[in-house]
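The values are calculated or read from the model by the stated rules, or taken from the named source; none is laboratory data. This one's a predicted model, so the numbers in the text were calculated from it and none came from an experiment. Quick reminder, even Gly has a Cβ in these numbers, built from the backbone with ideal geometry, and neighbours come from all protein chains shown. Remember, those area values only see protein heavy atoms, side chains included, never the ligands or the DNA or RNA. Shrake-Rupley method; radii C 1.70, N 1.55, O 1.52, S 1.80 Å.
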Amino acid sequence: TRPASDTTRAITFTLDGETVTAGPGETLLQVARRQGQALPTLCHQPGYRPAGNCRACMVEIEGERVLAPACVRQPSPGMVVHSTSGRAARARRMVLELLQSDMPAAARTPDNELQQWCDRLGVDAPRFPARSQPAPDASHPAMSVRLDACIQCTRCLRACREEQANDVIGMAHRGDRTAVVFDLADPMGRSSCVACGECVQACPTGALLPAGDRPPEAPDRRVDSV
Ligand code: FES
């Protein structure tokens, strides 16, 4: 059983061989970044409720078989954490490569956060074929939707639900059919979206963009695996 974290007082633990202190409620990510570690994050958005779903920020904790997402995990006293171990670094690179494998070439723009992390960590063109993806949705007058660039980080969902209290965006289906939907899987232009733009601001990959900002189609390396 995982020991409960104490969110009311500072905690001393070991990170990459250094004795460090986490403030009350701080996550491993917050401490690692303060220590200068450039852990990739995609679903993490300061100010939003943590989701811990992209797994880009995984670290190794001694005594635990499974790697832990640093953005949601809090330290416990005496914990020994490795953010730079070969196992943790390989896992993070694999996560980025898998996420990138579904990303169409046209979406890999310099402001795409996934692409930025891939470039920064030297993750090259993915070795894995892309899954077939939904067609673009241009039904909204103010926003364009390209769910083939979506990594399902749920930042848009949290922006819509928690920042704006609109609750237009949700997740539907299961497994590799899981997808962002608007209301009851309506085209965005026919949903109850009020065009506040919070989801566009939150999206790390350009799956949601202002209408007209969509870059021209580039040759696409995707293969139809169906
Ligand atoms: Fe930690 Fe996504 S940033 S799981």
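Please report, in debye to the nearest 20, how large the charge dipole of the chain is about its Cα centre when each Lys and Arg carries +1 at its beta carbon and each Asp and Glu carries -1 there. If you can, show how the numbers build up before the last one.
Details: 26 positive and 26 negative charges, 97 e Å.
Dipole of the chain, to the nearest 20 debye: 460 debye.
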| request: List the extent of the Cα atoms of segment 80-128 along each of their three principal axes, largest first, rounded to whole Å. | output: 41, 22, 13
| query | To the nearest Å, what is the center-to-center distance of segment 65-115 and segment 131-209, using C-alpha atoms only? | reply | 23
| query | Using alpha-carbon pairs under 8 Å, 6+ residues apart, how would you state the relative contact order of the chain in percent? | reply | 19
| request: Send over the semi-axes of segment 1-159's equivalent ellipsoid, whole angstrom and largest first, taken as the square roots of 5 times the C-alpha gyration tensor eigenvalues. | output: 32, 18, 13
| field | Accessible surface of residue 161 - all protein chains present, 1.4 Å probe, nearest 10 Å² | value | 100
| note | Among 23, 68, 46, the residue whose Cα sits farthest towards the positive end of the charge dipole of segment 6-97 (+1 at Cβ of Lys and Arg, -1 at Cβ of Asp and Glu, taken about the Cα centre) is 46
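Report the Stokes-Einstein translational diffusion coefficient (µm² s⁻¹, integer) for segment 91-226, Rh taken as the Kirkwood radius over Cα pairs, at 37 °C with viscosity 0.692 mPa s. Let's see the in-between values first.
Numbers: Rh = 15.3 Å.
It comes out at roughly 214 µm²/s.
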| query | Sorting 21, 27, 8 by accessible area (1.4 Å probe), largest first, what list results? | reply | 8, 21, 27
| query | In the chain, what percent of the accessible surface is made up of carbon and sulfur (1.4 Å probe, ligands and nucleic acids excluded)? | reply | 50
| Among beta bridges that DSSP assigns inside the chain, antiparallel share in %, nearest 5 | 90
| query | How far is it, in nm, from the label point at residue 65 to the one at residue 139 when both lie 7 Å from their Cα along the line to the Cβ? | reply | 4.5
| field | Separation in nanometres of the label points that stand 7 Å from Cα toward Cβ, at residue 190 and residue 19 | value | 6.5
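In terms of solvent-accessible area of protein heavy atoms at a 1.4 angstrom probe, what is the ranking of 80, 59, highest value first?
Working: 80 40, 59 5 Å².
If we order 80, 59 from most to least accessible, we get 80, 59.
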